[in-house]
1. When both residues are 6+ apart or on different chains and their Cβ atoms are under 6 Å apart, which pairs have a first residue that lies in the range 261-284 and is buried (at least 21 other Cβ atoms within 10 Å of the Cβ), and a second that is part of a helix (DSSP H, G or I)?
2. How many residues does the range 301-310 contain that are buried (at least 24 other Cβ atoms within 10 Å of the Cβ) and either assigned to a strand (DSSP E or B) or at pLDDT below 95 (or both)?
3. Looking for whichever is outside any helix (DSSP H, G or I), under 22 Å from the mean Cα position of the chain (by Cα), surrounded by fewer than 19 Cβ atoms within 10 Å (Cβ to Cβ) and on the phi < 0 side of the Ramachandran plot here; the options are Leu85, Leu32, Leu81. Which one fits?
4. For Lys4, state whether it is on the phi < 0 side of the Ramachandran plot, part of a loop (DSSP other than H, G, I, E, B), buried (at least 16 other Cβ atoms within 10 Å of the Cβ) and among the charged types (D, E, K, R).
5. Can you name every residue in the range 288-300 that is more than 8 Å from the ligand (Cβ to nearest atom), among the small types (Gly, Ala, Ser) and assigned to a loop (DSSP other than H, G, I, E, B)?
6. Looking at the range 232-250, is at least one residue touching a Pro at 6+ places or on another chain (Cβ under 8 Å) and within 13 Å of the ligand (Cβ to nearest atom)?
7. Could you count how many residues in the range 105-121 are surrounded by 19 or more Cβ atoms within 10 Å (Cβ to Cβ) and more than 12 Å from the ligand (Cβ to nearest atom)?
8. If you scan the range 246-295, which residues turn out to be among the aliphatic types (A, V, I, L, M) and over 21 Å from Lys306 (Cα atoms)?
Amino acid sequence: METKIQNKAYFANEIHFEISDIKDRTEPRNILMASPNYFDVVDVKNVHMAGNAGKIDKKLAHIQWNELKSAFNHAVKEKVLDNVLVIDGAKDCEDMVFTANQSFPWIDENGNKIVVMSKMRHDSRKREVPFFEAYYQNLGYKTLHLNQTEMFEGMGDLIPHIGKRLLYGGFGHRTNKDAYTELSALLQVPIIALELIDERFYHLDTCYVSLGKDAVMICKEAFTPEGLQALAKMYKRVYYIPIEEAVDYFALNAHTVFDFVSNKKIAFIHKGTKVTYDILKKEGFEIIEIDTSEYMKSGGSVFCMKMMVY
Ligand code: ARG
């Protein structure tokens, strides 16, 4: 019997399908960054920011951002990515450098590029969204808006299953649970909604890293028992990263890119992890370690500092 999968939000305890029931999808191959011209910590939007207002070494932040950009350009040279795109950081948008958050780009079943614009929790971050909307329009995207949702922070919380038309959506801190009902209808895709229960893991991208179609790395403490079960059902291999590495090194804010033709895969990660590093090695990644210390003072690292765009 064929499994009927609907384009709706599935809460973690309702998953009756297998990953093999889900249609395939082409991954985007461009990376969008925002220049750190106005990057700063001026308030406390997440627990990692506490005590860090005024503590950013601006010069070092620029150096680190450029190192990350060079690392992404290495992936372009290796033909795992096509382009690194840069949008100018805007004045009074101190968090704009975290380009994972303002939007969620997608491709519909006919190959059209669409993007849902975020509804940021904090006022200062709401100012960032129009810059991205204009940028996407130039790239030929159709931009979509949420009507019934109060909070949704883009790919910070909504992360695709690699190569599949399936999404995982974190909720509880920066995105409302109900957002996924509206988003699944808008994007025409099933979404597995996962509650995030620890404030240190305030976005899904702080506790979840895709390693490909079959494997994922997560931090147990971030999820409910039902959420952990749902992930174990969708992935052949689930690696549990110790909470210290996930919190102190932002290990689960690493970014992974894949080329399915050459089978090359590259992981970008804040420097110094041990358990996470070994898992990435074992899974066959080329690993590029980068120092993101200045951005971690704001609660973000590699994954937050880029957006994958079609
Ligand atoms: N200071 C930013 C905020 O709290 C950090 C965002 C990090 N981004 C992420 N995708 N986790 O909004």
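The values are calculated or read from the model by the stated rules, or taken from the named source; none is laboratory data. Since we're looking at a predicted model, the values are computed, not measured. With ideal geometry, Cβ positions are generated from the backbone for all residues, glycine too; neighbour counts draw on all protein chains shown.
1. Hits for this filter: Ile266/Ala75; Ala267/Leu280; Phe268/Ala71; Thr273/Glu245; Thr273/Ala251; Thr276/Glu245; Thr276/Ala251.
2. Adding up the residues that qualify gives 1.
3. Matching residue, one of Leu85, Leu32, Leu81: Leu85.
4. So Lys4 does not fit the description; no.
5. Once the filter is applied, which keeps residues that are more than 8 Å from the ligand (Cβ to nearest atom), among the small types (Gly, Ala, Ser) and assigned to a loop (DSSP other than H, G, I, E, B), the range 288-300 yields nothing.
6. Our first condition is that a residue be touching a Pro at 6+ places or on another chain (Cβ under 8 Å); within the range 232-250, this holds for none.
No, because not a single residue in the range 232-250 is touching a Pro at 6+ places or on another chain (Cβ under 8 Å) and within 13 Å of the ligand (Cβ to nearest atom).
7. Residues that pass the stated criteria total 6.
8. Applying the first criterion (among the aliphatic types (A, V, I, L, M)) to the range 246-295 yields 246-247, 251-252, 254, 257, 261, 266-267, 269, 275, 279-280, 287-288, 290.
Answer for the range 246-295, where residues must be among the aliphatic types (A, V, I, L, M) and over 21 Å from Lys306 (Cα atoms): Val261, Val275, Ile279.
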